[in-house]
1. From the list 105, 117, which residue is over 19 Å from residue 204 (Cα atoms) and either touching a residue at least 40 places away in the same chain (Cβ under 8 Å) or in a loop (DSSP other than H, G, I, E, B) (or both)?
2. May I ask you to say which residue of 115, 107, 69 is at pLDDT 90 or above and either closer than 21 Å to residue 223 by Cα or under 31 Å from the mean Cα position of the chain (by Cα) (or both)?
3. Report, by residue number, each residue of the range 166-179 that is closer than 16 Å to residue 153 by Cα, in contact (Cβ under 8 Å) with a residue 12 or more places away in the chain and assigned to a loop (DSSP other than H, G, I, E, B).
4. Could you say whether any residue in the range 123-136 is closer than 19 Å to residue 223 by Cβ, at pLDDT 95 or above and surrounded by 14 or more Cβ atoms within 10 Å (Cβ to Cβ)?
5. From the list 200, 234, exactly one residue is touching a strand residue (DSSP E or B) at 6+ places or on another chain (Cβ under 6 Å) and touching a residue at least 60 places away in the same chain (Cβ under 8 Å). Which is it?
6. Can you go through 159, 173 and tell me which one is over 18 Å from residue 219 (Cα atoms) and crowded, with 23+ Cβ neighbours inside 10 Å?
7. Residue 236 fails exactly one of the following numbered conditions: (1) modelled with pLDDT under 95; (2) under 22 Å from residue 112 (Cα atoms); (3) within 34 Å of the chain's Cα centre (by Cα). What is the number of that condition?
8. Consider residue 141 against the criteria (1) surrounded by fewer than 17 Cβ atoms within 10 Å (Cβ to Cβ); (2) in contact with a helix residue (DSSP H, G or I) (Cβ under 6 Å, 6 or more places away or on another chain); (3) within 17 Å of residue 191 (Cα to Cα): it satisfies all of them except one. Which criterion is unmet?
């Protein structure tokens, strides 16, 4: 018969461990149940570890990513090459000139909108170059109709005539003419100021005495013989 501790099966003799023997002989610990457990709870006791770790990680995750980017890209590109009042599309008088060649009289400070349509074709390239109005480097024939306006210029006054031509490439000349009739082929012209530049044109002139001038607007070719235009006469004091 074995006495504790021993192993009767394998014959191995186990050394006596006083601590182990004490644990074996210790009565089991009974946990409180029922009313006793409730009493402990009222006293602040708990069967689990309720230590506050201090790790309060309540983080505000409100990430307001309002990406309202008002990019109003109004690309209204008005490419109307007109003068702003629809000159090229306007229906203007095509009445024939009076007094042989003059379409209308014009005075200082006046602006006239007109059209070449209905005009006469009395002036050609040789007339402009022969009167030294301009050199005609482009060798234009000026075979289409022209419009002529009569200006009476006070003595010692400088007139500046401007031609706006948004509809076609027209040219400008100012001829001093003291007769009641219009110039004819072969008539001598003593004074002429002209411009055959591309686009708008402008000429200035003056005279010591009261003088009469013919303002001529002409197209380089007959293809532009129906173009509208604007003539402005300015006589600053």
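The values are calculated or read from the model by the stated rules, or taken from the named source; none is laboratory data. Note that the structure is predicted; figures quoted are calculated from it, not measured. All Cβ positions, even for glycine, are placed from backbone atoms using ideal geometry, and neighbour counts span all protein chains on display.
1. Working: 105 fails: over 19 Å from residue 204 (Cα atoms).
Checking each option against the conditions leaves just 117.
2. Result: 115 is the single residue among 115, 107, 69 that is at pLDDT 90 or above and either closer than 21 Å to residue 223 by Cα or under 31 Å from the mean Cα position of the chain (by Cα) (or both).
3. Residues of the range 166-179 that are closer than 16 Å to residue 153 by Cα, as a first pass: 173-179.
If we keep only those that are in contact (Cβ under 8 Å) with a residue 12 or more places away in the chain as well, we get 173-178.
Selection gives 177, 178.
4. Going residue by residue through the range 123-136, those that are closer than 19 Å to residue 223 by Cβ are 123-125, 128, 136.
This time we only want the ones that are at pLDDT 95 or above, so: none.
No: the range 123-136 contains no residue that is closer than 19 Å to residue 223 by Cβ, at pLDDT 95 or above and surrounded by 14 or more Cβ atoms within 10 Å (Cβ to Cβ).
5. On the way: 200 fails: touching a residue at least 60 places away in the same chain (Cβ under 8 Å).
Sole residue among the options that is touching a strand residue (DSSP E or B) at 6+ places or on another chain (Cβ under 6 Å) and touching a residue at least 60 places away in the same chain (Cβ under 8 Å): 234.
6. Values: 173 fails: over 18 Å from residue 219 (Cα atoms).
Result: 159 is the single residue among 159, 173 that is over 18 Å from residue 219 (Cα atoms) and crowded, with 23+ Cβ neighbours inside 10 Å.
7. Condition not satisfied by residue 236: (3).
8. Just one mismatch for residue 141, condition (3).
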